[in-house]
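Peer 1: Sharing a structure with you now.
What follows draws every value from the coordinates through simple rules; no lab data is involved. For clarity, every value in this text was computed on a predicted model and none was experimentally measured. We place every Cβ from the backbone using ideal geometry, glycine too, and count neighbours over all the protein chains shown.
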Amino acid sequence: MTATAHNPSAGCSAMLTPETLQKFDREIAKYPAGCQQSAIMACLALAQEELGWLSMETIEAVAGYLAMPPIAAYEIATFYAMYNLKPVGRYKLTVCTNLPCALSGGVHAAEYLKEKLGIGFNETTPDGKFTLQEGECMGTCGDAPVMLVNNRRMCGRMTPDAIDALLKECQA
Amino acid sequence: MSILGAINPVLTAGLSGDDGWHLQAYVARGGYEALKSILAKKESSEKIIAEVKASVLRGRGGAGFPTGLKWSFMPHAVQGDRYIICNTDEGEPGTFKDRDLIRYNPHAVIEGMAIAAYAIEANRGYNYIHGEIWELYQRFEEALEEARAAGFIGQNILKSGFSFELFAHHGYGAYICGEETALLESIEGKKGQPRFKPPFPASFGLYGKPTTVNNTETLASIPFIIKMGGEAFMNLGKPNNGGTKLFSVSGHVNRPGNYEVPLGTPFAKLLEMCGGMRGGRKLKAVIPGGSSAPVLPADLIMDCTLDYDSIGKAGSMLGSGAVIVMDETTCMVKALERLSRFYHEESCGQCTPCREGTGWLYDIVRRIEAGEGRVDDLDTLEYIAGNICGRTICALGEAAAFPVQSFVKHFWDEFIYHIQHKTCLVPKDVQWAGSGFHRLVEEA
Ligand SMILES: Cc1cc2nc3c(=O)[nH]c(=O)nc-3n(C[C@H](O)[C@H](O)[C@H](O)COP(=O)(O)O)c2cc1C
Ligand code: FES
């Protein structure tokens with residue numbers, strides 16, 4: 001725990017909208033004074049929400065905002081699986097294939113998506129629309145097959161029809 | 001609604017539709033009365049802890065540790081911040097009960113945390129919610145706003161002089177953060193690497209302050225225990241196994257979902273509530289307590305009741321109450337391969353036996369599944385698994401070893417067949433038949 005106050009003047013304001021920075025401040029306020037590093041996970045997630053992925057520069061800027069060493073922020077970005085360290089398609093689809101889901105079609109749903117999109121896991125369609133990822137248990141196994149859209153929207157009971165409908169909605 | 005059935009429900013009683021989560025609906029169900037009465041009576045901390053002890057509530061996060069006892073470990077004389085942390089990381093494959101509590105009854109979690117805070121003299125709290133359920137993290141934040149506006153959390157709650165600030169913190173895709181000390185590291189803005197214990201969180205927790213970590217379901221049970229009395233809650237279940245519990249049923253049943261039943265309910269009854277086996281196929285095996293719990297073959301589980309003692313006697317664990325049901329179309333080698341990959345990927349890498357051992361386990365199971373297994377592989381698996389257990393900072397090592405040991409033990413012949421014939425015992429064309437992907441069974 002350091003006693004340094006956070007540093008709102010750093011590079012973030014050039015990179016992120018005032019709304020996003022306001023959300024940063026709301027996160028920082030959740031923690032005791034001097035413990036602003038606790039907001040790093042939320043701030044990186046918010047930066048990613050705005051920019052689509054986390055470049056080295058973004059990670060460093062967020063670290064600067066929270067007055068923490070860039071390496072400590074980079075450790076966070078690489079440890080937690082939901083951060084995008086490379087650009088992804090407009091829609092990142094993460095399909096759970098862990099055992100409980102697989103028993104109810106999780107693997108089949110992933111195969112169906114691969115076929116429909118013509119890509120494999122960790123690939124992006126040539127038009128930059130979709131990135132497909134394999135996920136671990138998302139605590140939603142009762143609704144299998146499940147997939148997460150852009151880390152934010154959980155979709156359950158993804159039958160072939162439901163997947164078709166989702167893809168169509170994203171094409172619109 | 002994905003709470004699909006209940007017997008004598010407590011946590012899910014009276015829940016209806018998608019709006020029942022709001023403060024107003026919770027209050028109409030008798031919500032916040034327990035907190036109000038405690039504050040009005042200026043109840044002593046000892047009395048509340050005694051009530052929780054009498055309920056024989058055991059931690060619902062997996063370890064089943066008695067909650068009242070855990071609370072009594074908080075040191076009394078320490079000045080400064082003290083924390084209550086709710087663990088909604090829920091990453092144990094098969095578990096999806098805490099999600100439904102946040103979704104349908106978030107105020108029960110908030111009230112439970114406020115009462116816990118009062119009892120352990122905490123002034124701050126966080127609910128750590130895993131990042132995959134973003135929409136419900138937002139809902140929980142809304143519920144916090146409602147509670148704050150109504151004066152149930154914040155400074156000088158209901159003019160009692162008791163203050164408790166509560167916030168939500170989200171994860172971002174790391175199973176290990178469900179381990180309580182990894183979770184604390186994660187809230188501090190670090191990698192989720194578990195801490196050496198002792199010191200335990202009660203003496204050195206979040207930011208080095210006295211801290212208690214409890215599971216979401218554990219905390220949500222508290223208001224009901226205070227309202228009905230510890231003994232009444234205990235009597236809902238059976239001795240040493242107080243209360244009702246949520247069971248998350250996944251896999252090859254007709255109606256996967258959450259079910260709240262008294263501890264001690266026969267497994268066969270739960271299976272019946274789930275509409276039985278999908279397609280009328282035969283039950284092969286069940287993992288009764290989340291993917292880390294040892295698997296039990298059909299004949300063993302069918303004789304169990306759902307409580308810590310019965311499942312323990314059968315050689316497994318009640319764990320988080322995640323019941324993973326597998327029918328005769330399941331290739332046990334393939335099933336174990338997927339779990340072993342998970343533990344290998346999720347090992348935080350701190351301890352050599354876990355970091356290397358989980359990789360070796362996965363490599364060997366994968367090799368058997370690919371038809372490249374050797375006869376001595378099964379002994380090697382047992383040797384590696386045995387050498388991980390007890391040699392790591394946290395229990396992820398055991399969580400990886402238990403499935404390997406139990407799958408090989410109970411399905412030895414199937415593993416041997418796989419090695420000798422270089423293919424599955426379950427014919428490939430019937431495998432995953434139970435998945436139902438191309439004609440998913442609709443909610444009945
Ligand atoms: C690898 C690992 C993952 C865990 N994941 C969770 C989890 O997702 N949720 C949870 O409540 N407990 C989890 N636990 C157990 C916690 O460490 C802790 O025992 C629990 O949150 C305490 O709450 P309880 O006493 O109310 O059960 C996990 C433990 C380990 C070793
Ligand atoms: S196994 Fe897929 S959400 Fe749990």
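Peer 1: Based on the Cβ-Cβ distance from B:Val375 to B:Asn8, what FRET efficiency comes out when R0 is 60 Å, to the nearest 0.05?
Peer 2: Working: r = 51 Å, r/R0 = 0.85.
So, using R0 = 60 Å, E works out to roughly 0.70.
Peer 1: Over segment B:313-419, what lengths in whole Å, largest first, do the semi-axes of the equivalent ellipsoid take, defined as the square roots of 5 times the eigenvalues of the alpha-carbon gyration tensor?
Peer 2: Semi-axes from the Cα gyration tensor: 21, 18, 12 Å.
Peer 1: For segment A:41-111, how big is the tail of P(r) above 13 Å, as a whole percent of Cα pairs?
Peer 2: Cα-Cα pairs of segment A:41-111 separated by over 13 Å account for 67 percent.
Peer 1: What's the extension gain from B:Gln155 to B:Lys42 if we count 0.36 nm per residue and subtract their Cα-Cα distance?
Peer 2: 39.1 nm
Peer 1: Follow-up. For segment B:1-110, what size does the Cα cloud have along each of its three principal axes, sorted from largest down, in whole Å?
Peer 2: Over segment B:1-110, Cα extents along the principal axes are 45, 36, 28 Å.
Peer 1: With label points built 7 Å along Cα→Cβ from the Cα atoms of B:Asn387 and B:Gln138, find their separation and express it in nm.
Peer 2: Label at B:Asn387, label at B:Gln138, 5.0 nm between them.
Peer 1: Would you mind giving the average projected area, over all directions, of the Cα convex hull of chain B in nm² with one decimal?
Peer 2: Here the figure is 20.0 nm², rounded to one decimal.
Peer 1: Report D for segment B:230-295 in µm² per second (integer): Stokes-Einstein, Kirkwood Rh on Cα pairs, 20 °C, 1.002 mPa s. List each step's numbers first, then the result.
Peer 2: Working: Rh = 12.9 Å.
Calculated translational D: 166 µm²/s.
Peer 1: If you line up the Cα atoms of segment B:33-74 on their principal axes, what length do they span on each, largest first, in Å?
Peer 2: Ordered largest first, segment B:33-74 gives principal extents of 34, 20, 16 Å.
Peer 1: Looking at segment B:326-382, which trypsin sites (Lys or Arg not before Pro) are in a loop (DSSP not H, G, I, E or B) and have at most 12 other Cβ atoms within 10 Å?
Peer 2: Hits after loop and neighbour filter: B:Arg374.
Peer 1: Output the antiparallel fraction of DSSP beta bridges having both residues in chain B, as a percent to the nearest 5.
Peer 2: 40 percent
Peer 1: Kirkwood Rh, Cα Rg: Rg to Rh for segment B:342-393?
Peer 2: Using only Cα positions, Rg/Rh for segment B:342-393 is 1.00.
Peer 1: Another one. With N set to the residue count of segment A:6-56, report its C-alpha Rg divided by 2.2 N^0.38 Å to two decimal places. Let's see the in-between values first.
Peer 2: Values: Rg = 10.6 Å, N = 51, 2.2 N^0.38 = 9.8 Å.
Compared with the compact-globule rule of thumb, segment A:6-56 sits at 1.08.
Peer 1: Note down the relative contact order for segment A:66-137 as a percent, whole number, built from C-alpha pairs under 8 angstrom at least six residues apart.
Peer 2: 35 percent
Peer 1: Give me the mean projected area, in nm² to one decimal, of the convex hull enclosing the Cα positions of segment B:137-242.
Peer 2: Seen from a random direction, the Cα hull of segment B:137-242 projects 9.1 nm² on average.
Peer 1: May I have the convex hull volume per residue, in Å³, for the Cα set of the protein assembly as shown?
Peer 2: Hull volume over Cα atoms, normalised by residue count, gives 146 Å³.
Peer 1: Once you put a point 7 Å from the Cα of B:Asn123 and another 7 Å from the Cα of B:Ala28, both along the Cβ direction, what distance in nm separates them?
Peer 2: So the two model labels end up 3.8 nm from each other.
Peer 1: A follow-up question, please. Neighbouring Cβ atoms within 10 Å as the yardstick, rank B:Glu121, A:Glu115 fewest first. Each step should come with its number before you reach the end.
Peer 2: Numbers: B:Glu121 15, A:Glu115 9.
Going from least to most buried by this count: A:Glu115, B:Glu121.
Peer 1: Oh, and also: What FRET efficiency do you get for B:Leu425 and A:Lys129 if R0 is 35 Å and r is their Cβ-Cβ distance, rounded to the nearest 0.05?
Peer 2: Working: r = 42 Å, r/R0 = 1.20.
After rounding, the FRET efficiency stands at 0.25.
Peer 1: Tell me the label-point distance for the pair B:Glu145, A:Thr78, using the 7 Å Cα-to-Cβ offset, in nm and rounded to one decimal.
Peer 2: 3.8 nm
Peer 1: Could you give P(r) for segment B:177-224, binned at 5 Å from zero, as whole percent values over all Cα-Cα pairs?
Peer 2: 6, 22, 27, 22, 13, 7, 2, 0
Peer 1: Which angle from 0 to 90°, rounded to the nearest 10, does the C-alpha axis of helix A:160-171 make with the longest principal axis of chain A?
Peer 2: Orientation of helix A:160-171: about 50 degrees from the principal axis.
Peer 1: What's the ranking of A:35-42, B:154-161, B:235-242, B:176-183 by average number of surrounding C-beta atoms within 10 Å, highest first?
Peer 2: B:176-183, A:35-42, B:235-242, B:154-161
Peer 1: Rounded to whole Å and ordered largest first, report the semi-axes of the equivalent ellipsoid of chain A derived from its Cα gyration tensor (root of 5λ).
Peer 2: Numbers: eigenvalues 238, 57, 34 Å².
For chain A, the ellipsoid semi-axes come out as 34, 17, 13 Å.
Peer 1: Taking 1 over the mean of 1/r across every pair of different Cα atoms in segment A:91-171, what Kirkwood radius in Å do you get?
Peer 2: For segment A:91-171, inverting the mean 1/r across all distinct Cα pairs yields 12.2 Å.
Peer 1: Let me ask something else. Quote the relative contact order of chain B in percent (integer), defining contacts as alpha-carbon pairs under 8 Å separated by 6+ residues.
Peer 2: 17 percent
Peer 1: Need one number: % antiparallel among DSSP beta bridges in the protein assembly as shown, to the nearest 5.
Peer 2: Values: 26 of 57 bridges.
The answer is about 45 percent antiparallel.
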